[in-house]
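To start, the structure itself, in structure tokens.
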Amino acid sequence: MHVAGERMEGRIMRVAIPVYGDQVATVFDFAQRLNVYDVDGMRVTGKAEVDMADVLVPVRAFRLKDLGVDLLICGAISRDLAAMVVHSGIEVIPFARGMADEVLGAFLMGALTDTRFAMPGCRAGQRWLRQRRRMRRKW
Amino acid sequence: MPVKHRDAFPSGVILDSMADGVVAVDTEFRIVRFNRAAETITGTLAKDAVGRTCREVLRSDLCETDCPMKQVFETGKPVINRVGTMVNARGETRTISVSAGIVKDERGNIIGGVETFRDLSLVEEIRQQGIKAYSCQDILSINHKMRQIFEILPAVADSNSTVLVEGETGTGKELLARAIHNLSPRRNGPFVAVNCGAIPDTLLESELFGYKAGAFTDAKRDKPGRFSLAQGGTIFLDEIGDVSPALQVRLLRVLQERVFEPLGSVESVMADVRVIAATNKNLEALVDKGAFRKDLYYRLNIIKIDLPPLREKKEDIPILVDHFIARFNRLQKKDITGINDDALALLMAYDFPGNVRELENIIERAFVMCRSGQIEPSHLPDAVFESQATPAYGPGTIKEIEARLIMDALRRNNWSRLETARALGIHKSTLFRKIKALGLDVPPSTRKKQGQ
């Protein structure tokens, strides 16, 4: 499991961040675009932009899976969609804010727990996602 | 990051008294004020929200595609009741209706904007919880004041005491009187309703008490009055405030002695009748002015029930709309499936001067305009749209907005300064100072004489 405060040395993964301009989109459910990064350890080896404007909310989890995403870092996300994403085997770090590239950098450095990357009033909201992760193991 | 003009916006305590979420932002979309209802709807505390951009806190689908606040800054025109979806801090999806307006300083410079939003999911949830538990006889309501009335109604019905029902026109005074009658031991007796305001005063006396043959020209035979017709049951005297002083004396005698004399009769008739009176006027104020007898008022005011106007129980609108749609589908053999979010949002923002009766008429009219499917904004009358032209909290200067907020709070508290100050969380003298400074014309409290 990836933890927001853990350095990502020696790991290869695909990370998706929904964006609005250069910033993390406030809600993944409504985001129009998605940045997809390939990460090798601490290094970003590739970046692509995916249009999500016509992707309906219930289909978004499948779209992430089709894209081969391992981890979704996003702003707010509805419980139902988060459950679907987690159930698809994709991990979620919700309620992130700031410039998307900086947020990814902070994640790689293990600094995403810094309050400047947290949406206002949302730290407590992460708990239900941990519960979901535990549920996934049970499934 | 410091926010601009923070002190220029209405204070948090005043905004906290509002049921709608209110977010005030500066021209850079940074939150300056964030009221308690906004905390509840978004799941974010004001201390976390202030200083952040509104899109980070409101998290709605409108923020990044169709931001109402951005539109307001660009056009200078208010945005009214745009329906959107937001995700709160707990990850729950809520349907919201958003309105926005600009805020100017006293020189007319734009210093920010105010966004108000209402959680429509809440009323939707309540709608889905089933409305049976909140109905009493034919009255439907989920409003807390109405539910208190429902709770006391069986005891009121049992008591046989005179009841005074006060409420604006169209609030369902007769419906309530019928409910009391139907729950009372007199339910098998007649229920006789008389609109005292609709009958000329000269005829009202004979209408109420009847007459004997020969009492006046053309009185060829005895005619029983409404009191006689209501024997063993209930008489409902609507618009009691319109009764002349002479007739007030006769009514007082009926209430005191439980007897009356038909016109031209020398014999008294026992009145085994329960009296329920109603008025859309403030009887206490009429007593103060000398237009209504004090002794009659106290005879009527044994049990007093105040029916709130529809604008003070807007949470009832969705269930009433559903109720009327179901009824008109049945009566008109149509299949209207419901009302869409935009049309419902328009109704939620309308003040309904004609109360529930007006809402019923609006739905009946929509049934004529709408052939099938859902009721849409185009099926609603112009009056509903006209009210949208003057949004509650913008645009306007700070003083104007503060004045509106204070007047709203005063109205909700029946013009009682003390209770309004308490509700706003400010000292009474501060409220007086603000009323004076803003030049507000506040009517006297309707509560001050209660209990005297």
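The values are calculated or read from the model by the stated rules, or taken from the named source; none is laboratory data. Predicted model, so just to flag it, every value in this text is computed and none were measured. Every residue, glycine among them, receives a Cβ derived from its backbone with ideal geometry; neighbour counts consider all protein chains shown. Please note that ligands, DNA and RNA were not included when accessible areas were found on the heavy atoms of the full protein model with its side chains. Shrake-Rupley method; radii C 1.70, N 1.55, O 1.52, S 1.80 Å.
Using a 10 Å cut-off on Cβ to Cβ distances, tally the other chain neighbours for every residue of A:68-80 and report the average as a whole number.
Values: counts 0, 0, 0, 0, 0, 0, 0, 4, 14, 4, 9, 5, 3.
Mean partner shielding for this stretch: 3.
Which semi-axis lengths, in whole Å and largest first, follow from the square roots of five times the eigenvalues of the Cα gyration tensor of chain B?
Numbers: eigenvalues 474, 137, 67 Å².
Semi-axes, largest first: 49, 26, 18 Å.
Once the piece of chain linking B:Met270 and B:Val442 is laid out straight, how much longer is it, given 0.36 nm per residue of separation minus the C-alpha distance between them?
Values: separation 172, 0.36 × 172 = 61.92 nm, distance 4.64 nm.
Contour length minus the Cα-Cα distance gives 57.3 nm.
Can you tell me the 0 to 90 degree angle between the C-alpha axis of helix B:144-159 and the longest principal axis of chain B, rounded to 10?
Approximately 20 degrees, to the nearest 10.
Ignoring ligands, DNA and RNA and using a 1.4 Å probe, state the total buried accessible area between A and B in Å², rounded to the nearest 100. Please list the in-between numbers first.
Values: alone 7450 and 21710 Å², together 27460 Å².
Counting both chains, the buried surface is close to 1700 Å².
Label point 7 Å out from B:Ser161 along Cα-to-Cβ: which residues of region B:262-296 have amide N under 16 Å?
In region B:262-296, the label zone of B:Ser161 (backbone N under 16 Å from the point 7 Å along Cα→Cβ) covers B:274-277.
How much accessible area does B:Leu62 have with a 1.4 Å probe, in Å² rounded to the nearest 10?
Ignoring ligands and nucleic acids, B:Leu62 comes out at about 10 Å².
Let me confirm one metric for peptide A:22-35, namely the mean number of other chain beta-carbon atoms within 10 Å of its residues' beta-carbons. Working shown, then result.
Working: counts 0, 4, 1, 4, 13, 11, 1, 6, 11, 2, 2, 1, 0, 0.
Counting Cβ atoms of other protein chains within 10 Å of each residue's Cβ and averaging gives 4.
By how many degrees, between 0 and 90 and to the nearest 10, does the Cα long axis of helix B:428-438 differ from the longest principal axis of chain B?
Roughly 80 degrees, rounded to the nearest 10.
What length, rounded to one decimal in nm, is gained on full extension from B:Asn109 through to B:Ala291, with 0.36 nm per residue of separation minus their alpha-carbon distance? Intermediate values should be presented prior to the final figure.
Working: separation 182, 0.36 × 182 = 65.52 nm, distance 4.99 nm.
That pair, B:Asn109 and B:Ala291, stretches by 60.5 nm at full extension.
For B:Val321, B:Val269, give the ranking by accessible area with the largest first, probe 1.4 Å. Intermediate results must be reported in sequence, preceding the final value.
On the way: B:Val321 0, B:Val269 50 Å².
Putting B:Val321, B:Val269 in descending order of accessible area: B:Val269, B:Val321.
Considering only region A:12-138, what is the antiparallel percent among its DSSP beta bridges, to the nearest 5? Intermediate results must be reported in sequence, preceding the final value.
Numbers: 20 of 26 bridges.
If we restrict to bridges inside region A:12-138, about 75 percent are antiparallel.
Of the listed peptides B:274-286, B:147-159, what is their order by residue-averaged count of other C-beta atoms within 10 Å, with the highest listed first?
Numbers: B:274-286: 21.4, B:147-159: 15.0.
Top of the packing list down: B:274-286, B:147-159.
Note down the net charge around B:Ser60, summing +1 for each Lys or Arg and -1 for each Asp or Glu among other residues with Cβ under 14 Å from its Cβ. Walk me through the numbers before you get to the answer.
Numbers: positive: B:Arg55, B:Arg59, B:Lys70, B:Arg82, B:Arg94, B:Arg118; negative: A:Asp29, B:Glu56, B:Asp61, B:Glu64, B:Asp66, B:Glu92, B:Glu115, B:Asp119, B:Asp341.
Cβ neighbours under 14 Å give a net charge of -3.
Which of the pairs B:Lys173/B:Lys304; B:Lys281/B:Lys428; B:Lys145/B:Lys173 have their Cα atoms more than 23 Å apart in this structure?
Where the Cα-Cα span goes over 23 Å, the pairs concerned are B:Lys281/B:Lys428.
How about region B:78-98: which of its residues lose at least 30 Å² of accessible area in the presence of all protein chains relative to their chain isolated, using a 1.4 Å probe?
The answer is B:Val87, B:Ala89, B:Arg90, B:Gly91.
With heavy atoms of protein chains only and a 1.4 Å probe, what residues of region B:51-75 have at least 50 Å² less accessible area in the full set of chains than alone?
The answer is B:Arg52, B:Arg55, B:Glu56, B:Arg59, B:Glu64.
How high is the relative contact order of chain B? Use alpha-carbon pairs under 8 Å, at least six apart in sequence, and give a whole percent. Before the final figure, lay out each step's value.
On the way: 810 pairs, mean separation 68.7, N = 452.
Over chain B, the number comes to 15 percent.
With the crude spin-label approximation of a point 7 Å out along Cα→Cβ, what separation in nm comes out for A:Glu102 versus B:Ala246?
Modelled inter-label distance: 8.5 nm.
Using only the Cα atoms, what convex hull volume per residue in Å³ does region B:310-380 have?
Details: hull volume 5.1 nm³, N = 71.
Spread over its residues, the Cα hull of region B:310-380 gives 71 Å³ apiece.
Please compute the average number of Cβ atoms from other chains found within 10 Å of each residue's Cβ in peptide B:263-273. Present the calculation step by step, with values, prior to reporting the outcome.
On the way: counts 0, 0, 0, 0, 0, 0, 0, 0, 0, 0, 0.
Averaged over the peptide's residues, the number is 0.
Only Cα pairs under 8 Å and at least 6 apart count here; give the relative contact order of region B:251-408 as a rounded whole percent.
Numbers: 123 pairs, mean separation 25.5, N = 158.
So the answer I get is 16 percent.
Angle, helix B:245-257 long axis vs. longest principal axis of chain B, Cα atoms, 0 to 90°, nearest 10?
70 degrees
Ranked highest first by the average count of other Cβ atoms within 10 Å around their residues, in what order do A:23-33, A:59-69, B:343-353 fall? Walk me through the numbers before you get to the answer.
Details: A:23-33: 24.0, A:59-69: 17.1, B:343-353: 20.6.
Top of the packing list down: A:23-33, B:343-353, A:59-69.
Quick check: net charge around B:Phe367, other residues with Cβ under 12 Å of its Cβ, Lys/Arg +1 and Asp/Glu -1? List each step's numbers first, then the result.
On the way: positive: B:Arg327, B:Arg330, B:Lys333, B:Lys334, B:Arg365, B:Arg371; negative: B:Asp335, B:Glu360, B:Glu364.
Spelling it out: positives minus negatives among the neighbours equals +3.
From the Cα trace of region B:144-307, what convex hull volume per residue do you get, rounded to a whole Å³?
Working: hull volume 17.5 nm³, N = 164.
For region B:144-307, the hull spanned by Cα atoms encloses 107 Å³ per residue.
When DSSP assigns beta bridges and you keep just the ones with both residues in chain B, what percent turn out antiparallel, to the nearest 5? List each step's numbers first, then the result.
Details: 33 of 57 bridges.
Restricted to chain B, the bridges split so that about 60 percent are antiparallel.
Multiply the residue gap between B:Glu261 and B:Thr202 by 0.36 nm, knock off their C-alpha separation, and tell me the result in nm, one decimal place.
Working: separation 59, 0.36 × 59 = 21.24 nm, distance 1.62 nm.
This chain segment gains 19.6 nm when fully extended.
Which net charge results for the neighbourhood of A:Val57, defined as the other residues with beta-carbon distances under 11 angstrom from its beta-carbon, given Lys and Arg at +1 and Asp and Glu at -1?
Surrounding charge for A:Val57 is -1.
I'd like the distance separating the alpha-carbon centroids of region B:189-246 and region B:19-43, in whole Å.
Distance between centres, Cα-based: 57 Å.
Obtain the radius of gyration and the Kirkwood radius of region A:12-138 from its C-alpha atoms and give Rg over Rh.
In region A:12-138, Rg relative to Rh is 0.92.
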